[in-house]
Every structure is written in C-alpha cells, then in structure tokens.
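Asker: What follows is a single structure, and I will ask about it in a moment.
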C-alpha cells in the first residue's frame, strides 16, 4: 500500500447537546481519517449524527470533546474567529437546500465567496473559475438568479461557489436530497469529476445508499459512532500526520 | 451585494430612504427658516442706511421687543448738539399680529430718508392722507396688495398708498404721528437711526452720543448685525438643537427598525455568509455599509426635497426667507449618517452574533 496523507482526522470526537433538562449525545467518540483527494461518503439513518459530524468537520461548531485535525491543526481548540478563518480558507460547503443567496445572480453567489476569501482576480483564479463552470455546465446560467434556475442548476452553482477558492475539503450535506433522480445523477457525476480532475477531497453526507456507488469509500454511522468503514486509513498507511 | 439587497427589498429601502430624507429636510428647512428670517431681519436693519442705532437704557437688540419710551425731541438734540451727526430719524415700533406677525415702523419720511436715502417706490407713493400705509414688495406679494387696497392691521383699516422695495427696516410703514396716536405714546419713539456726516469717524460720533446721553444704548449698525446673528438670538440655539435631536432620533429609530427587521429576514443569508467564512466583522461592515448607502440616498433625496419645500414656502409666503448654507448641508448629511451608524449598531452586532448553524436552519 502506498503512503498517503490524512487531510482530516477526528480523535474521540464527541458532541453533546442540551435539550431542556436532557443531554443528547449526538457523537460518542468518532475516530476517522480522510485521505487527501479521497471521495468519501458518510452514511447512516436520520439522527445518527451525520450532520453534527459535518458541522464539526466544517468548523461550524465546537465539539464537546475530542479533536478535529485539518492538515494537522486541531480546530476543536480554536475560537470563533479562527474557525471562521478555517471555513474561509480550507472548507467548502454544499447543502441540501443549495443555500444560494436569492438576491444575487449565480455569478454574484460565486463572487461573494471570492470576495469573502479575498481572492484576487487574475493569478489563475479566473481560469480556474471558467474551467469549473465548464465542468459544471453552468457557463450560460451566470446571469440568472436562483429563482430562475432548476434545482440541479442551483446545486451546481452551489458546488461552484464551494470550490471556487480551492478549499482543502469539500463537505456536502445531502447534496441530492432536494433533487430528482436525473439531476441527482448529474450532480453526483460532477462530484466525481471534481474529485478526478481537481484532486478535490470530498466528503458526502447522506442517507441515500445509491450515492455510495459514486464514492471511493463508505463510512457508516449509527447512534453517534462509526460502525463500518469500507476503506479505513491505517496507521501504517499515513506518511505525514500531525497529532 | 449591498445594492442587490436594497433592490430586492424596494419598499423597505424606499421607506428608509424617505425617513432619512425627512430627517434631512426637517433639519435643513427649520434651520434654514430660522436663520434665514434672523439674517434677513438683520439685513433689513442695515438696509435702513444708518450708521448708529440709539435706544433707551436696557433696550433689546430684538427691536420688536422694544417699546416707545424715548421723547422724539432727543433726536433733534442729538442732531443739533452732537458734532458729526448728519441726520436722526425717530422710529416708533409696533408689532402687528393680525394675519401674521409683522414689525411696523412709525416713521417721519423726511428724517427717515435723510438717514438712509429715499425709498424706492415700485408702485404708488408715500402716505399723505390719514389711514394710509406703505408696504414693501414682499409683503404686497404675500397679501396680494396693490396701491389703493385696504388691509386690516393693528385693529384698524389702512389703505395702501405705495409699495417700496424691501430692505428698509420693516415691511410696513406708518406716519409716526399716527403710530403715536394709536399707542398713546405722544411724542415718543422706540429708537433713533443716526447718520453721521460723510468722512466722520463713526466710533467718535458714537462716543460723543454716549457722553451726551449717558445710560442710553448706542450701537454701531455693524455691531448690531453681529448681535443679530442666529447664534446670538436668545433661545434659537436650544431650539435648533432640539429640532436636530428630534430629526436624528427619527432617523435612528427608522434605520434601527429597518436594519433590525432585515436581520430577521436575512438570518439564513447571514448563515450562508458565515458558512462561506465571512467573519463577524464582515457581517457588521455589510450591515453598516447598507445603512450608510440608505442614508446617503436619503441625504440626496432630502437635499432635493428641502430645496423644493423651501421654494414652496417662499412662493406661498414671500416674506419668509429660507437660508440653506453649505455648512448646514454638511451638518444635515453628517447627522443623517450618524443616525445610520447609531441605528444599525445593535442590528449589526446581533447579525454578527448569529450562530451559523442556527442561522442556516432558520426558515
């Protein structure tokens, strides 16, 4: 087995929510390593902790316990400002409901991500964006507002927005959950293409078993724990991992 | 993003812009009216053409507040006994509150014109018969008067004998004898306008009058002008500060309400921006910028509206003067922007504090 680099790792990751007087353990010690350039799917039934895991991996929330290492940096110890910076520079999000800004055109939605990132025009960024739009087949949709786009087109714009700044990891939460089967297939193929063409690390969170066919690896969760991993990363496989 | 947001909520944007415009208009028009009227009063007094104003002891610079307590004979004594005095004109002031608030000069036309030069008659002539009155052109226009027209003033009916160019102290002129008769102040005057001989030092003559009439109030006309500056008028500054405060309060409340509601409407948008890595500062600046754009649009609309309102006021009430200075344009714009900053302060902090996950889940 060739040596690889773990871009993302969780160690005994825990998250407990307080609902009224009751503590709910959404994650009960998740240990996970994701290889760089990997296209992985995290699956499981509703309430198993998938979305919570995604929020923690995406630096959207702080864990109750354990560690989340992105490129060796523990984001669990970071404050809000530092986690925001991680989201800006290392993470791309794709949501089930697309979450495009309705007041902006498709181009505006993508530009907003570049503005927040402070991505300068030139330096190859425009060429990268043009290539992305070609790959996602939305070049001619850029002037339209989300309300004038189909669900599939909206999701492709959301994907373009998520990867325009070349994030280290793309996290997609039920990306096909709001799409019909035809558009789901298109979107999933695009994730596959992004992974192959741009070596983009992608983690899909879903409860749809069909989605697994498009990924390199299937991680199954239940009751806040990883219960099955089709291609786990062993210690002997890791070349550089900072813990 | 800012403009897209404003355009996407046109009613909210329009109401906010109009509210800021109202704030700007309120400041500019009220300040313009008060300062305009004060300045114009001063200009009219200077327009009399005198060099010195002689009043009784403890008299006010606000001429309308003075009463007729000086014997007319003082004027003759000053002219004959004080060297360097060319002419002295006694004036008995009356304030008419019928159909408005007007200062009426009771004058002796000969001595009045000897002090400040002849009246410029635009129509008609000087009063010569009992019950006649001379009015200035602005008063005539505001009341639609022509020579021969009858007007009710000071509880009497007068006939307009002539219309003169404005700027000679008052807008209404009566014979001083009639004014004295009406007020029961026989042979009395409120004040005297004094003209010094050509080439005479006004200060020297003023000092000589002060020596001659000890205790009387003797003022150079140029000093009187500075005394009549809006900042010197009792109560005007607090009044203007109150107007500005109310206007700014209106602006602050409207911007606050507008931004507060927009934060609620845009919770999900803010969540999206936060998920994209927008910092809290980015969100605060975004809200601030949006409110500043609203305020700037409000300033532009407010300035145009102020000009329209001022134009309408002057057209409908020709005797009113609205003076809008560059200083007050800047101040009004500053107050509008200040209200935008204050009004959006809390909403922007509230937006920045939103939890990205909760914001994204907001429906």
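None of the figures in this text is laboratory data; all of them are computed from the coordinates on show. In this text the structure is predicted, and so the values were computed from the model without any measurement. Using ideal geometry, Cβ is built from the backbone for each residue, glycine included, and neighbour counts are taken over all protein chains shown.
Asker: For peptide A:103-112, how many partner chain Cβ atoms fall within 10 Å of a residue's Cβ, on average?
Answerer: Average neighbour count from other chains, rounded to a whole number: 3.
Asker: Distance between the C-alpha centers of the range A:121-161 and the range B:265-280? Whole Å please.
Answerer: Cα centroid to Cα centroid, the span is 20 Å.
Asker: Give the dimensionless ratio obtained when the Cα radius of gyration of the range A:1-144 is divided by 2.2 N^0.38 Å.
Answerer: Details: Rg = 17.9 Å, N = 144, 2.2 N^0.38 = 14.5 Å.
Output field value: 1.23.
Asker: For chain A, calculate the relative contact order in percent as a whole number, restricting contacts to Cα pairs under 8 Å that are 6 or more residues apart. List each step's numbers first, then the result.
Answerer: Working: 472 pairs, mean separation 77.5, N = 243.
Reported as a whole number, the value is 32 percent.
Asker: Okay, next question. Round to the nearest 0.05 the FRET efficiency obtained for residue A:137 and residue B:239 when R0 = 51 Å and r is the Cβ-Cβ distance. Write out the running numbers ahead of the final one.
Answerer: Numbers: r = 67 Å, r/R0 = 1.32.
That pair, residue A:137 with residue B:239, gives E of 0.15.
Asker: Rounded, prolate or oblate for the range A:92-243? Axes are the square roots of the Cα gyration tensor eigenvalues, ordered a ≥ b ≥ c, and the cut-off for rounded is a/c under 1.5. Intermediate values should be presented prior to the final figure.
Answerer: Numbers: a/c = 2.11, a/b = 1.40, b/c = 1.50.
Oblate shape, in that a/c is at least 1.5 and b/c is the bigger or equal ratio.
Asker: With a/c under 1.5 counting as rounded, go ahead and sort the range A:124-183 into rounded, prolate or oblate using the C-alpha gyration tensor (a ≥ b ≥ c being the square roots of the eigenvalues; past the cut-off, prolate if a/b is larger than b/c, else oblate). Numbers along the way, then the final one.
Answerer: On the way: a/c = 2.18, a/b = 1.24, b/c = 1.76.
It is oblate, given that a/c is not under 1.5 and a/b is not larger than b/c.
Asker: Would you calculate the convex hull of the Cα atoms in the range B:123-231 and tell me its volume per residue in Å³? Walk me through the numbers before you get to the answer.
Answerer: On the way: hull volume 18.0 nm³, N = 109.
Dividing the Cα hull volume of the range B:123-231 by its residue count gives 165 Å³.
Asker: For helix B:280-316, what angle does its Cα long axis make with the longest principal axis of chain B, in degrees from 0 to 90 and rounded to 10?
Answerer: With both axes taken from Cα atoms, the answer is about 30 degrees.
Asker: Run the quick spin-label model on residue A:62 and residue B:349: label points 7 Å from Cα toward the beta carbon, then report their separation in nm to one decimal.
Answerer: 2.0
Asker: Separate question: Quick one: check the C-alpha center-to-center distance for the range B:307-345 versus the range A:164-184, whole angstrom.
Answerer: 54
Asker: Oh, and also: Taking 7 Å along the Cα-to-C-beta vector as the label spot, tell me the residue A:208-residue B:15 distance in nanometres, rounded to one decimal.
Answerer: Here the answer is 4.1 nm between the modelled labels.
Asker: Taking every alpha carbon pair in the protein assembly as shown, what does the distance histogram look like in 10 angstrom bins from 0, in percent?
Answerer: For the protein assembly as shown, the binned pair fractions read 3, 14, 17, 14, 9, 8, 7, 8, 8, 7, 4, 1, 0 percent.
Asker: In addition: Mind checking B:276-285 for the average number of partner chain beta-carbons within 10 Å of each residue's beta-carbon?
Answerer: Working: counts 18, 18, 8, 7, 3, 2, 4, 0, 0, 0.
Whole-number average of other-chain Cβ neighbours for B:276-285 is 6.
Asker: Something else about it: Against the longest principal axis of chain A, how steep is helix A:151-163, in degrees 0 to 90 to the nearest 10, with axes from Cα atoms?
Answerer: So the helix axis and the longest Cα principal axis differ by about 70 degrees.
Asker: Another question about this same structure. Need one number: % antiparallel among DSSP beta bridges in the protein assembly as shown, to the nearest 5. If you can, show how the numbers build up before the last one.
Answerer: On the way: 54 of 83 bridges.
Here the share of antiparallel DSSP bridges comes out near 65 percent.
Asker: Between residue A:189 and residue B:149, with labels modelled 7 Å along Cα→Cβ, what's the label distance in nm to one decimal, could you check?
Answerer: Calculated label separation equals 8.7 nm.
Asker: What ranking do A:153-166, A:192-205 get when scored by the average of other Cβ atoms within 10 Å per residue, highest first? Don't skip to the end; give the middle numbers.
Answerer: On the way: A:153-166: 24.4, A:192-205: 19.2.
For the peptides A:153-166, A:192-205, the packing ranking is A:153-166, A:192-205.
Asker: Still on this structure, please answer the following. How big is the antiparallel share of DSSP beta bridges in chain A, given as a percent to the nearest 5? Before the final figure, lay out the partial values.
Answerer: Working: 22 of 42 bridges.
For chain A, the DSSP antiparallel bridge percentage is about 50.
Asker: How compact is the range B:68-116 by the rule of thumb for globular proteins, expressed as Cα Rg over 2.2 N^0.38 Å? Intermediate results must be reported in sequence, preceding the final value.
Answerer: Numbers: Rg = 13.3 Å, N = 49, 2.2 N^0.38 = 9.7 Å.
Normalised by 2.2 N^0.38 Å, the Cα Rg of the range B:68-116 equals 1.38.
Asker: Based on the Kirkwood radius over alpha-carbon pairs, what value in µm²/s does the Stokes-Einstein equation return for the translational diffusion coefficient of chain B at 37 °C and 0.692 mPa s? All intermediate terms of the calculation are to be shown ahead of the outcome.
Answerer: Working: Rh = 24.0 Å.
In µm²/s, the coefficient is 137.
Asker: In degrees, nearest 10, range 0 to 90: what is the angle between the Cα axis of helix A:80-90 and the longest Cα principal axis of chain A?
Answerer: 60
Asker: Between residue A:196 and residue B:363, what FRET efficiency comes out of the Förster formula 1/(1 + (r/R0)^6) with R0 = 30 Å and r the beta carbon distance, rounded to 0.05?
Answerer: Numbers: r = 36 Å, r/R0 = 1.21.
Given R0 = 30 Å and the Cβ-Cβ separation, E is 0.25.
Asker: How many partner chain Cβ atoms sit within 10 Å of a residue's Cβ in peptide A:77-87, on average, as a whole number? Let's see the in-between values first.
Answerer: Details: counts 0, 0, 0, 6, 3, 0, 2, 10, 2, 1, 7.
Average neighbour count from other chains, rounded to a whole number: 3.
Asker: What's the Cα-based Rg to Rh of the range B:258-309, Rh via Kirkwood?
Answerer: Numbers: Rg = 15.0 Å, Rh = 12.6 Å.
Ratio value, two decimals: 1.18.
Asker: Taking square-rooted eigenvalues a ≥ b ≥ c of the alpha carbon gyration tensor, is the range A:176-243 rounded, prolate or oblate, where a/c under 1.5 means rounded and, failing that, a/b exceeding b/c means prolate? The partial results should precede the final answer.
Answerer: On the way: a/c = 2.76, a/b = 1.42, b/c = 1.94.
Because a/c hits 1.5 or more and a/b fails to exceed b/c, the range A:176-243 counts as oblate.
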